[in-house]
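> The structure's right below; bear with me while I get my questions together.
The values are calculated or read from the model by the stated rules, or taken from the named source; none is laboratory data. This is a predicted model, so every value here is computed, not measured. All Cβ positions, glycine included, derive from the backbone under ideal geometry; neighbour counts span all protein chains shown.
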Amino acid sequence: MTWEAAQHAVHDIGVERRQLFANKYEEAAALAERFSELAPLTPKPRRIWDKEPLKTTYFEAVALALAVIDGPTEV
């Protein structure tokens, strides 16, 4: 993917994300605390046989954006 971006003059940022939380649901709760607009979208932890809530992708996107803007150690 990085090679492809370099060949086509696409702005590319590589980000290493550290695991700061025990799971994605704790990370979502922390992000909802920081951004109150996200609070109604905060997914509840799922049971092993349930599908993963699609709302988790919103929080993954916000975490990635923060890793780029703030640096990988802040949430």
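> When the residues of region 14-56 are filtered to those that are of a type in the set (S, T, N, Q) and part of a helix (DSSP H, G or I), which remaining residue is farthest from Ala67 (Cα to Cα)?
Taking the candidates together, the pick is Ser36.
> Quick check on region 25-46: of everything there that is modelled with pLDDT of 90 or more and of a type in the set (D, E, K, R), which residue is farthest from Val15 (Cα to Cα)?
The selected residue is Glu37.
> Follow-up question, since we're still on this one. Checking the conditions here, which among Ile13, Ile69 is exposed (fewer than 13 other Cβ atoms within 10 Å of the Cβ), modelled with pLDDT of 75 or more and among the hydrophobic types (A, V, I, L, M, F, W, C)?
Going through Ile13, Ile69 in turn, the sole match is Ile69.
> Further, regarding this structure: Going through region 1-45 one residue at a time, which ones are charged (D, E, K, R) and touching a residue at least 12 places away in the same chain (Cβ under 8 Å)?
Glu16, Arg17, Arg18, Lys24, Glu27, Arg34, Lys44
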